[in-house]
């Protein structure tokens, strides 16, 4: 049965926006229950806003014409902020690739923007689960936990979609369920501890400096994890994921023809400020540039 949306928006930005490409970085693995793209290109997502759960749908035929519909208690909050989420505050027009490979990739993706959901806790939980493990294993862990402990998606969401668990729900997950999901004690404890600061985290959404300062004080949160939050929830186009096991090889092979050593990475990226993450994302989204990804990090590699 057709269920009309609780809130809708027809947005015609004066700049190109590719919603699927921009929000693709929010998806956690191929079967993420909070993110679905239908065969016709319709994008569905769920979220837990300050006002409550929401399902939202984004449809577009052109890069300057988007239709957003939302269902649930968080519908008004989501729609009011969705332009920012889709990169309205991003400034890709100020980016100067300075490298022929990047320039070609940039021309192929005119609607790519850095998203800004404002939902820091939503972004930090899967980032913690991804610490020091193979990417596919991390996404499988996240999917299992969201399916088991998330809430049903409001409205006419595709079958199987769920809303991420609330902070207080993460506190209650038994230790054996974490183990069954493949999440070790260190990471599960970090999620639980961070969940106790969820409201404080989300209040920093409009102040990236304060957000990074808070994350730096949280146990188990390093520069890599903070960067994962920065380029998803804070719209930080400069959120370079230092400590990523793949970054030196991926960047070096794409732009230099040889892997970068760990001690070369930061200096190499310095001229790209304040768009260092934008460079990373361009490489990631171009399979011809980015080499096949290996495990996220070997056992014993320092916490990121």
Residue pairs qualifying under the 6 Å Cβ cut-off, at least six apart or on distinct chains, with the first in segment 171-192 being assigned by TED's automatic domain parsing to the domain that holds residue 147 and farther than 18 Å from residue 222 by Cβ and the second being assigned to a helix (DSSP H, G or I) and at pLDDT 95 or above, are 171/192; 171/195; 178/188; 181/141; 181/144; 181/145; 182/141
On the basis of being in contact with a helix residue (DSSP H, G or I) (Cβ under 6 Å, 6 or more places away or on another chain) and in contact (Cβ under 8 Å) with a residue 60 or more places away in the chain, does residue 222 make the cut?
no
Working carefully through the options 233, 223, 198, 237, find the one that is crowded, with 16+ Cβ neighbours inside 10 Å, out of contact with any strand residue (DSSP E or B) (no Cβ under 8 Å at 6 or more places or on another chain) and more than 13 Å from residue 124 (Cα to Cα).
237
I'd like the residue in segment 161-189 that is within 17 Å of residue 33 (Cα to Cα) and out of contact with any helix residue (DSSP H, G or I) (no Cβ under 8 Å at 6 or more places or on another chain) and, out of all such residues, is surrounded by the fewest Cβ atoms within 10 Å (Cβ to Cβ).
166
How do the pairs read when you match residues in segment 276-297 that are more than 10 Å from residue 102 (Cα to Cα) with residues anywhere that are part of a loop (DSSP other than H, G, I, E, B) and at pLDDT below 95, using Cβ under 6 Å and keeping only pairs 6 or more apart or on different chains?
284/290; 293/246; 295/134; 296/133; 296/134; 296/245; 297/132; 297/245
Residue set 39, 13; condition over 16 Å from the mean Cα position of the chain (by Cα) and within 23 Å of residue 281 (Cα to Cα); output residue 13
Can you confirm whether residue 211 is in the same structural domain as residue 143 (by TED's automatic domain parsing), within 19 Å of the chain's Cα centre (by Cα) and crowded, with 16+ Cβ neighbours inside 10 Å?
yes
Can you name the number of the only condition in (1) out of contact with any helix residue (DSSP H, G or I) (no Cβ under 6 Å at 6 or more places or on another chain); (2) in contact (Cβ under 8 Å) with a residue 40 or more places away in the chain; (3) part of a helix (DSSP H, G or I) that residue 251 fails?
(2)
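The values are calculated or read from the model by the stated rules, or taken from the named source; none is laboratory data. As the structure is a prediction and not an experimental result, all values here were calculated from the model. Don't worry about glycine lacking a Cβ; one is built from the backbone with ideal geometry, like all the others, and counts go over all protein chains shown.
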